[in-house]
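We did not get these values from a lab; they are worked out from the coordinates using the rules stated. In this text the structure is predicted, and so the values were computed from the model without any measurement. Here the Cβ positions follow ideal geometry from the backbone for every residue, glycine too, while neighbour counts run over all protein chains shown.
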Amino acid sequence: MDRADGWDGPRRGWGVSAGDELSARMAREIAEAVTGLRDWRVQHPTATFAELEAAVDERFNAARARVLGELARLSAAADLAGRPAGERARCPACGDRLAPQGKRRRAVVTQGAREVVLERDYARCPACGRGVFPLDEELGLLPGPLSPRLREAVVRVGTWIPSFQRGAAALAYFTGVRVDAETVRRQTEAAGAALVDRETAEAARLEREAPAPAGGPRVQQISADGAMVPLRGGEWAEAKTLAVGEVVAARDGAGAPVVRTVGASYFSRLADSDAFGRLALPELHRRGTATAGTVAAVLDGSLWLQAFVDLHRPDAVRILDFPHAVESLSAAVQAALGVGAVAAVVWLARHAHELKTGDPDAVLAALAALPVHDAADPAAAATARDQALGYLRARREQIAYARFQAMGLPIGSGMVESANKLVVEERLKGPGMHWARPNVDPMLALRCAAANDRWDEVWPGVVRSLRRAPDPCPTRARRPAGLSAAQAGRPRRAPRPPPLRVAPMPADRPRRIVAGRPTPDHPLKRRPFQHRELLRQTTSTKR
Ligand SMILES: [Zn+2]
């Protein structure tokens, strides 16, 4: 007898006949579904294909739930009372043998809204009094009515679909299971919070143990930026996002050599710059930033970004995002020659090209020589010119674009702007959305896991965290010597290392919301560059 067909373990396992009975019961379920379908078809001779699909799903889902129940009951953890005391399962908290307390029923909802009813043993630990369902433990069931697969489906739709209401509707369409929007929200946020906890713990572990990082690529690009998220009460907060990619040589449509950044992955948090820098460690560790041949840090010039690079790869080649440099030239020349004036457009095109392919000092000289005295507002024009000069001179090393391109390095940070849209804005900035601050990071963590194509990798860990962690046994802790509580399998209860406690961000900058609406000065109302410029200024003054 095959073990998979009928457990024949100690004392009272299923024998050959029990296994045969089980197989026969499952075969009967399938046969009944098929027979019912044939009868239904006879009564509906002109049914459409869609109607056939619905009829098949209906009957097979019912059979599926009953077969699932049969298989779930065929378990090593079953029949606790029938075993001798010495063979009973142990308390997950203190390791004592469990004492059987009879059976309890539980219904688990699965595909097609069908219930799988499990009659399972309940047991108590005589030492610490903890109640345990050994079958739930073995099957990895989560608290709540949904099967583990449905629970994951809820969190997937909650993560991807930009409204919990629509997520619930999508779930109903694809699984036949109706839950309300509030359930999607709660379960998504709980899973996200578990993921945030795990990632924070991982950042702390990497800081503490400093294991060897993954092997990095020959050339890597890192970029980081902020995006504003609407909070409840009309407040806005900046979600910071890191994008990491591998830089490869490619050719454009005309066969000319170009630089591309591929395989982008992201890390995003609502955190101040110091905490963000440290929490981003696992993503950079995974991508091998420390071991990459060359790292190009293409950034918008914010001071916090420089500190971020200092922390993770101080020898990175720092590059001011080229569109930012051009924008500063643009502001100066428009103030001097007139907004939209032909002369200003011509000047900008010529000097942007020179900056990209030629000598930055020639561009700085041309900038200094702008005829501000002939401007409509000479004082404003002089100020704009001096601001641009100050900004670019302070970053003289970071605007050597011809040299960067000759080195095969990227000069634009479009990668992180895409990341802002993909990870943050598409989900967190929908119409009418206002987030409670504690719920932002959980969503960002899940969005990154999905956008990084790492969902299947991180989900089992989230499930482990979501399953009720064993309470510490008050009488006898029998964890192996030398292991902390966290290592002994209670990650959510583990005390976090104090240095990495992430404080909520202070209320962000001057109010730019009046009567619940963004003012014209609000970042959202400004063009993309000005938005980022504003962030640069505000984050610089904050430091
Ligand atoms: Zn116990």
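Here His351, His44, His373 are placed in order of increasing Cβ neighbour count within 10 Å, fewest first, which gives His373, His44, His351.
Considering only Leu37, Phe49, Leu68, the residue lying farthest towards the positive end of the dipole of the range 16-141 is Leu68, judged by Cα position with unit charges set on Cβ. With the charge dipole of the range 323-406 set up from +1 on Lys and Arg Cβ and -1 on Asp and Glu Cβ about the Cα centre, the Cα lying farthest toward the positive end among the listed residues Ala388, Leu364, Ala406 is that of Ala406. The loop-placed GluC sites (Glu not before Pro) in the range 178-237, going by DSSP, that have at most 16 neighbouring Cβ atoms within 10 Å of their Cβ come out as Glu235. Spatial offset of the range 285-362 relative to the range 24-69 amounts to 63 Å, using the alpha carbon center of each. Rg over Rh for the range 323-406 works out to 0.96, both radii taken from alpha-carbon positions and Rh defined as the Kirkwood radius. Under 5 Å between amide hydrogens, built in the peptide plane, is the criterion, and for Gln220 it picks out Val247, Thr294, Val295, Ala296 among residues at least 5 positions away or on other chains. Partners of Lys356 within straight-line reach, counting aspartates and glutamates whose Cα lies under 14 Å from its Cα and excluding those fewer than 8 residues away in the same chain: Asp321, Glu327, Glu397. For Ala237, the residues whose amide H sits under 5 Å from its own are Val229, Leu231, ignoring neighbours fewer than 5 places away on the same chain, with H placed 1.01 Å from N. Would you list, by chain and number, the aspartates and glutamates whose Cα falls below 14 Å from the Cα of Lys103, excluding same-chain residues fewer than 8 positions away? The reachable aspartates and glutamates, counting only those whose Cα sits under 14 Å from Lys103, are Asp79, Glu119, Asp121, Asp136.
Using C-alpha pairs below 8 Å separated by at least 6 residues, the relative contact order for the range 27-169 is 17 percent. Counted by Cβ distance under 11 Å from Trp160, the other residues give a net charge of +3, where Lys and Arg count +1 and Asp and Glu count -1. Taking a ≥ b ≥ c as the square roots of the eigenvalues of the Cα gyration tensor, an a/c ratio of 1.5 or more together with a/b larger than b/c marks the range 275-357 as prolate. What FRET efficiency comes out for the pair Leu389/Ala214, r = Cβ-Cβ distance, R0 = 45 Å, nearest 0.05? The value I calculate is 0.60.
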